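The values are calculated or read from the model by the stated rules, or taken from the named source; none is laboratory data. From a predicted model like this one, the values you see are computed outputs, not experimental measurements. Every residue, glycine among them, receives a Cβ derived from its backbone with ideal geometry; neighbour counts consider all protein chains shown.
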Amino acid sequence: MQLKTIRKSILATSLVTLTAAETMVPFGNSTRWAMTYNGKVTGPTLRVHPGDHVTVKLVNNLKQATSLHTHGLHVSPEQDNPFIMVEPGKSYTYTYDIPANHTAGTFWYHPHMHGITAEQVASGLSGAIIVEDMDDDQLNTISTNRVLVINDPPLTDKNPWADASDSAKSNDSSMGGMNHDMSGMSGMDGMSGMDGMGGMGNNSSGVDMMTAMMGRTGPKLLTNGFEGVDLTGSGGKLERLHIVNATASTSLKLIYSGAKMFVLSSEGGRLPAPKEVKEVTLANSERTEIVLIPGTNGGTLTAQRLSNEGNGAAMGSPEKIASIAADAGSDISSLPISFMMANTRDLFASDVKVANQRVVTLSGHMTPTIDGKLFDPNVVNFTAKKGTVEEWVIDNTTPMYHPIHLHTWGFQVQGEEGWQDVVTVAPNSKKVIRIAFDDFAGTTVLHCHILDHEDTGMMAIIKVD
């Protein structure tokens with residue numbers, strides 16, 4: 001196994017420090033500029049358990065303001081607060097209380113600086129979060145437990161952030177006048193402008209209209225910062241992979257050339273039982289947990305980029321994500337037939353009381369919007385009641401795919417299996433979701449996860465009382 005390509009895992013029960021910086025990173029026989037956590041494209045994997053108290057100190061050595069979002073975790077909006085800004089040269093300590101009933105699964109962390117989120121994520125700022133439960137105790141005896149984070153950074157040999165004046169652009173306030181309840185926010189070091197949130201950041205990258213509309217992509221897909229990984233030496237264990245699509249705008253179809261592929265988890269957590277599949281499609285920001293069974297000659301997992309327009313056609317040639325050795329485990333009878341801790345609650349069951357129904361319209365092409373409105377930091381677009389279930393019809397009237405992500409609360413999509421935190425709606429189509437506003441009150445956001453769309457205003461505020 002190429003150990004250098006498998007990122008360090010941290011059991012996040014003590015203080016974790018993430019240092020964001022502009023860094024020269026190795027690429028082939030040369031080096032390229034990227035934004036990194038702790039010096040690497042793809043930060044350390046944080047491993048947590050239900051009931052854990054997690055403390056993460058974010059140190060900002062960038063020339064831009066930044067922040068941290070724990071994507072998909074069911075934690076309070078106060079703790080996973082998208083309105084926090086950490087200025088250059090400053091730090092902020094985040095604390096998270098993982099609920100005792102939190103589902104196991106694959107989640108991730110990344111910046112959430114409105115206006116420059118796409119630039120920072122595309123440039124390399126991301127890492128995985130793995131929530132493990134009692135089912136993992138059994139899985140770890142029969143399978144590996146590796147994490148692959150896929151992104152496509154721009155790979156430039158010139159420092160695009162060399163001009164310190166560029167960072168000033170991130171202090172143009174697109175979040176000015178932010179007046180949502182910020183009570184209980186401790187751990188700040190030098191976070192100026194919190195009263196008016198002056199500094200959440202406009203787009204500092206100066207992208208052209210086409211990039212803002214279609215989303216930015218890099219020249220190559222990287223796995224943990226490298227062009228594919230070779231996985232060997234599993235000692236006969238089944239090959240189990242947690243995979244994160246951490247690109248800023250690229251949907252991927254995962255294809256495996258070996259004997260069999262099983263899905264254990266979607267982005268919302270464990271499925272009730274392993275499911276054999278031929279391929280897995282991940283919109284950007286989505287995750288999966290899979291088991292790969294090798295063929296006689298092993299197997300290769302590749303990713304095919306998909307268009308964000310029309311019928312989502314394949315773009316370019318498949319790119320290698322990982323190769324699986326022929327001597328990897330193949331005894332699929334050792335896979336559990338079901339998972340004890342999976343969340344089997346069905347929000348579409350006939351006895352579920354729906355407190356509210358609404359239609360949410362995705363509109364605009366050159367400048368996509370939610371319900372015809374661009375993001376306004378002073379406007380609460382949606383309200384809901386804690387402890388209720390709502391049914392939303394997401395109506396996409398545009399010619400593009402939009403992966404819509406809701407912070408904090410999970411949901412189910414009609415006709416699809418498992419819990420999710422991202423729903424991808426095809427052009428000129430609709431999807432019906434039911435959201436369980438469980439456990440927490442507070443204010444947060446929903447947005448398109450084509451991050452250039454989010455940065456240009458395809459985001460809305462939701463308040464749960």
Query - Residue list for the stretch 368-387, restricted to those being surrounded by fewer than 17 Cβ atoms within 10 Å (Cβ to Cβ) and either hydroxyl-bearing (S, T, Y) or in a loop (DSSP other than H, G, I, E, B) (or both) - result: D371, G372, L374, D376, N378, V379, V380, T383, K385, K386, G387
Query raised in the report: E390 is checked against (1) closer than 14 Å to V359 by Cα; (2) among the charged types (D, E, K, R); (3) touching a residue at least 40 places away in the same chain (Cβ under 8 Å); (4) surrounded by fewer than 20 Cβ atoms within 10 Å (Cβ to Cβ) and fails just one. What number does that condition carry?
Result: (4)
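Going through the stretch 149-159 one residue at a time, which ones are over 12 Å from the mean Cα position of the chain (by Cα) and buried (at least 22 other Cβ atoms within 10 Å of the Cβ)? Steps first, answer last, please.
As a first pass, look at the stretch 149-159 and keep what is over 12 Å from the mean Cα position of the chain (by Cα): 152-159.
If the condition is that a residue be over 12 Å from the mean Cα position of the chain (by Cα) and buried (at least 22 other Cβ atoms within 10 Å of the Cβ), then D152, P153 are the ones that fit.
Would you point out the residue of the stretch 260-300, among those that are without any contact (Cβ under 8 Å) to a residue 60 or more places away in the chain and in contact with a Gly (Cβ under 8 Å, 6 or more places away or on another chain), that is farthest from S249 (Cα to Cα)? Working first, answer last.
Step one: list which residues in the stretch 260-300 are without any contact (Cβ under 8 Å) to a residue 60 or more places away in the chain, which gives 261, 263, 276-282, 290, 292-300.
Pick out the ones that are also in contact with a Gly (Cβ under 8 Å, 6 or more places away or on another chain) and you get 292-295, 298-300.
On the way: L292: 26, I293: 30, P294: 31, G295: 32, G298: 31, G299: 27, T300: 24 Å.
Applying the filter and picking the extreme gives G295.
Of A349, A384, which residue is assigned by TED's automatic domain parsing to the domain that holds K431 and of a type in the set (A, V, I, L, M)? Break it down stepwise before answering.
Values: A349 fails: assigned by TED's automatic domain parsing to the domain that holds K431.
None of the others qualify; the one that does is A384.
With the requirement that a residue be of a type in the set (D, E) and farther than 21 Å from K386 by Cβ, what does the stretch 340-374 give you?
Applying the first criterion (of a type in the set (D, E)) to the stretch 340-374 yields 346, 351, 371.
Listed by number, the list holds a single entry, D371.
Answer yes or no as to whether K431 is closer than 25 Å to E309 by Cα, surrounded by fewer than 22 Cβ atoms within 10 Å (Cβ to Cβ) and charged (D, E, K, R).
On the way: closer than 25 Å to E309 by Cα: yes; surrounded by fewer than 22 Cβ atoms within 10 Å (Cβ to Cβ): yes; charged (D, E, K, R): yes.
For K431, the condition - closer than 25 Å to E309 by Cα, surrounded by fewer than 22 Cβ atoms within 10 Å (Cβ to Cβ) and charged (D, E, K, R) - is met.
Has the stretch 208-227 got any residue that is under 26 Å from I142 (Cα atoms), basic (K, R) and outside the structural domain of H365 (by TED's automatic domain parsing)? Walk me through it before giving the result.
At the first step, the residues of the stretch 208-227 found to be under 26 Å from I142 (Cα atoms) are 223-224.
Then keep just the ones that are basic (K, R); that gives none.
Within the stretch 208-227 (the criterion being under 26 Å from I142 (Cα atoms), basic (K, R) and outside the structural domain of H365 (by TED's automatic domain parsing)), the answer is no, since none of the residues qualifies.
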Report task. Scan T223, T217, T232 and give me the residue that is β-branched (V, I, T) and farther than 25 Å from V277 by Cα. Result -> T217
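Pull up the stretch 104-137, narrow it to residues that are touching a residue at least 60 places away in the same chain (Cβ under 8 Å) and of a type in the set (D, E), then point me to the one that is nearest to V86 (Cα to Cα). Lay out the reasoning, then the answer.
Step one: filter the stretch 104-137 for residues touching a residue at least 60 places away in the same chain (Cβ under 8 Å), giving 104-111, 113-135.
Keeping just the survivors that are of a type in the set (D, E) gives 119, 132-133, 135.
On the way: E119: 16, E132: 30, D133: 32, D135: 37 Å.
Per the criteria, the residue is E119.
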Query raised in the report: Is there any pair with a first residue in the stretch 310-326 that is among the hydroxyl-bearing types (S, T, Y) and a second that is loosely packed, with under 13 Cβ neighbours inside 10 Å and modelled with pLDDT of 95 or more whose Cβ atoms are under 8 Å apart and which are 6 or more apart or on different chains, and what are they?
Result: none
